[in-house]
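Reviewing the structure listed below.
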Amino acid sequence: MPDGSDHGCHGGRETLLAAAAAAGKAEQMESLLATYPRGPHDQPQSMCPAFGSLRVGLRMRRVATILSGSACCVYGLTFTSHFYGARRTVGYVPFNSETLVTGALFEDIRKAVREVADPAKYDAVVVINLCVPTASGVPLDRLPKQIDGVRIIGIDVPGFGVPTHAEAKDVLAGAMLRYARTEAERGPVARPRALSGDDGRIALIGELFPADPMGVGAMLAPMGLGIAPQIPAREWRDLYGALDCVAAAAVHPFYTASVREFHAAGRPVVGSGPVGVEGTDAWLSAIGAAANVSAERIDAAKAAALPAIRNALAANPINARITVAGYEGSELLVARLLIEAGAEVPYVGTACPRTEWSEVDRAWLAAHGAHVQYRASLEQDVAAMREVRPDLAVGTTPLVQAAKQAGTPAVYFTNMVSSRPLFGAAGAAALAGIVAAQTRGRERFSQMVGFFSGVGTGEAAGYGWKDVPSDPPGLRDRMRKMREARQRANEAVGT
Ligand code: SF4
């Protein structure tokens, strides 16, 4: 087995891809690149992609998650997991050059899986290959498929094959759905805990604010539909419940592998989501059609939902120019809601790829004057923010930092959407409400920037200075002489 221990983030994507292919992972790498295509940028700036898979595993009941990778990667991933409140053990199988080269690492992983796979405690054990074990060809597909009834799921989630941590959620969700689908095809499986909807259920795809599925369930009720367990699932038997839906809704449009499993189970998949009046109207029509609901019942659902959304938007009007950027996958939906509330949104950047499930939103946004940038880089998001000069920039951490430095009010996309609903009347009131409040404060913000102008920047950076620090005596003169001498020396040798 080749030694990939000298390849990490710094190794370069092409080097690592070549190493993985040479180590017997060519097929897996091709599959990842086909499912999660690159470009137009090589790789958007996001956290270590494997965090997405790890998070999905850690959020599931009776599922153990084990990482196989370099200690520094595992440290970062573990730290981030606990920062986000995982409160679960992250398993780790360490390695060194020798265990990697001799294949002993795979034996160590197999041993760890056997030790962990206790059916009294777990339904499934997930093993995640990070960059170095993937590039070295550690063959997780040769792990046993189950041990004493505990499913074993081995996945490769290298940074050089999965572009964003958002798509890494799909790597594990898709692998679990595939496993559960083959189980369901073989015979009876466990029933999910709570099911609603007499005429069928809709499976929502994407990590949503907890109140959102309930709100969507209320919108679907007049059509006789309920909500199936969500993907990513919270426990193993929810996977069967999700697959048993009448239709799936890819509200987060980057779950390509998961959608493939719904299609394989014969379920139609609908894009976009119930945001704002127009978005909800179109989404209810699409869901109703996919679930074979009569036109009268679809109209009844709209009549129940749309007036409240219209009122919520009217109560929280936004009179501002806003740029939106993020890596969650819901950027286009958020932009739609803002525009319906009255905002001008000239730019929407998302680190996620273009897929058919966001096409409705992209077309709607384009028709309302927004440029949608898929696979957006930080540089593009910042350039758009500088060009547009918005009243409010909604974006990633480095974008918000750049905006605030420029005196532009800014809020974190992730914080904004993860702590409040997005769909229906609740979303219109909460999300449009917070943005309306932020943009109302923009005058105060520019006064504050003017008041603190120059404080803590340039030579005044740091703390504890009462005066601008002075140069050591003669420093600038000595530096100038050194530069001149170097230039003369270069000219003398003709460089
Ligand atoms: S696993 Fe993540 S942190 Fe480690 S080398 Fe790969 S991309 Fe970087």
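Before moving on, here are some points about what is shown:
- Between the listed residues Ser81, Gln380, Val157, the Cα displaced farthest toward the positive end of the dipole of the chain, a dipole computed from Cβ unit charges relative to the Cα centre, is found at Ser81.
- Ala485 sits among other residues whose Cβ lies under 14 Å from its own Cβ, and their net charge, with Lys and Arg +1 and Asp and Glu -1, is +3.
- Radius of gyration, Dmax [the chain; alpha carbons; angstrom]: 25.8, 88
- Given charges at beta-carbon only (K, R positive; D, E negative), |dipole| of the chain in Debye: 840 debye
- This model, with +1 at the C-beta of Lys and Arg and -1 at the C-beta of Asp and Glu, gives region 312-449 a dipole about its Cα centre of some 340 debye.
- Dipole of the chain, positive end: most advanced residue of Leu306, Ala249, Ala286 [Cβ charges, Cα centre]: Leu306
- Cα-centre dipole for region 201-310 with unit charges at Cβ (Lys and Arg positive, Asp and Glu negative), debye to 20: 100 debye
- Taking amide H atoms as placed 1.01 Å from N in the peptide plane, the amide H of Gly154 lies under 5 Å from those of Val127, each 5 or more residues away in sequence or on another chain.
- Cα Rg over Rh - region 201-310, Kirkwood: 0.95
- Computed over region 9-163, Cα set: Rg, Dmax in Å: 15.1, 47
- Hydrophobic, long helices, defined as DSSP H runs whose alpha-carbon span along the helix axis is 20 Å or greater and whose mean Kyte-Doolittle value is at least -1.0, occur in the chain at 165-186, 276-290, 295-315, 424-440.
- Per residue of the chain, the DSSP helices (runs of n ≥ 4 H) give a summed -39500 (n - 2.57) that works out to -15000 deg cm²/dmol at 222 nm.
- Computed over neighbours whose Cβ is under 9 Å from that of Pro192, the net charge equals 0, Lys and Arg +1, Asp and Glu -1.
- By the count of neighbouring beta-carbon atoms within 10 Å, fewest first, Asp212, Asp148, Asp123 end up ordered Asp148, Asp123, Asp212.
- When the Cα gyration tensor is reduced to axis lengths a ≥ b ≥ c, the ratio a/c is 1.5 or higher for region 312-449, and with a/b not above b/c it is classed as oblate.
- Taken over region 154-235, the ratio of Cα radius of gyration to 2.2 N^0.38 Å equals 1.29.
- For the chain, the relative contact order works out to 13 percent when only alpha carbon pairs closer than 8 Å and six or more residues apart are counted.
- The length gained by stretching the chain between Val449 and Glu359 to full extension, at 0.36 nm per residue less their Cα-Cα distance, is 28.5 nm.
Laboratory data are not the source of any read-out in this text; all were calculated from the coordinates shown. Keep in mind that this is a model prediction, so the values were computed, not measured. Note that each Cβ is placed from the backbone with ideal geometry, even for glycine, and that neighbours are counted across all protein chains shown.
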